């Protein structure tokens with residue numbers, strides 16, 4: 001797929017075709033620009049950089065890999081995608097943990113209270129969801145063998161809840177990141193608006209892939225999100 005197209009009709013809704021390289025470029029660009037804006041070796045710069053690396057670049061690509069795996073038949077290619085998904089999500093969890101430590105320690109040093117802004121409060125909810133998604137992912141991945149500790153009649157539910165929780169976590173993290181970038185004290189004018197736009201585009205690109213069902217020619221449809229919860 002080498003081009004972007006968009007179309008709409010009453011049966012399929014909004015259909016987007018995105019080349020994979022464009023999705024990866026969007027996911028990479030956000031942490032690169034965020035680190036350029038804020039990384040100065042101090043704790044806050046580490047927080048912003050690690051969170052954007054963890055949630056946007058690593059988790060975003062992890063969601064992309066799992067979405068690609070779900071439409072593959074059982075086999076080596078599907079297993080490799082799921083292994084890569086697990087590695088990327090493990091990297092995301094580590095990066096997020098470092099980012100959390102940095103901002104927590106930074107506030108302790110400066111004697112500032114914790115979780116007083118919408119960004120930090122929403123971020124705490126996302127962190128809890130992240131932990132839940134990681135635990136369910138580890139339990140549900142047959143390759144690791146831990147799923148044997150889960151009742152067999154719960155396997156399908158575990159995997160479904162993991163996928164939905166992971167998706168909600170990623171898309172919520174994009175919103176929380178935009179809240180943080182919009183904070184007046186760190187706003188950098190047009191550069192901030194630019195990275196906010198890139199962040200929303202990156203989230204939208206992954207949304208298009210995750211909430212899609214495969215169509216003829218590799219087209220992905222964003223409408224099944226609504227029909228799947230009816």
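The values are calculated or read from the model by the stated rules, or taken from the named source; none is laboratory data. Note that this is a predicted model, so its numbers are computed, not measured. FYI the Cβ positions are ideal-geometry reconstructions off the backbone, even for glycines, and counts take in every protein chain you see.
Taking (1) out of contact with any helix residue (DSSP H, G or I) (no Cβ under 8 Å at 6 or more places or on another chain); (2) at pLDDT 95 or above; (3) assigned to a loop (DSSP other than H, G, I, E, B) in turn, residue 188 satisfies each apart from (1). Once the stretch 64-81 is narrowed to residues that are on the phi < 0 side of the Ramachandran plot and not in a helix (DSSP H, G or I), the residue that is surrounded by the most Cβ atoms within 10 Å (Cβ to Cβ) is 72. Regarding residue 179, is this residue closer than 25 Å to residue 51 by Cα, touching a helix residue (DSSP H, G or I) at 6+ places or on another chain (Cβ under 8 Å) and modelled with pLDDT of 95 or more? Taking the combined requirement at face value, the residue satisfies it. For the stretch 117-131, the criterion of being modelled with pLDDT of 95 or more, over 23 Å from residue 68 (Cβ atoms) and over 19 Å from the mean Cα position of the chain (by Cα) is satisfied by at least one residue. Exactly one residue among 61, 40 is at pLDDT 95 or above and not in a helix (DSSP H, G or I), and that residue is 40. Summed over the stretch 31-63, the residues that are buried (at least 20 other Cβ atoms within 10 Å of the Cβ) and more than 12 Å from the chain's Cα centre (by Cα) give a count of 7. Within the stretch 106-127, being assigned to a helix (DSSP H, G or I) and surrounded by fewer than 12 Cβ atoms within 10 Å (Cβ to Cβ) holds for 108, 109, 110.
Checking each residue in the stretch 168-185 for being over 14 Å from residue 134 (Cβ atoms) and assigned to a helix (DSSP H, G or I) picks out 171, 172, 174, 175, 176, 177, 178, 179, 180, 181, 184, 185.
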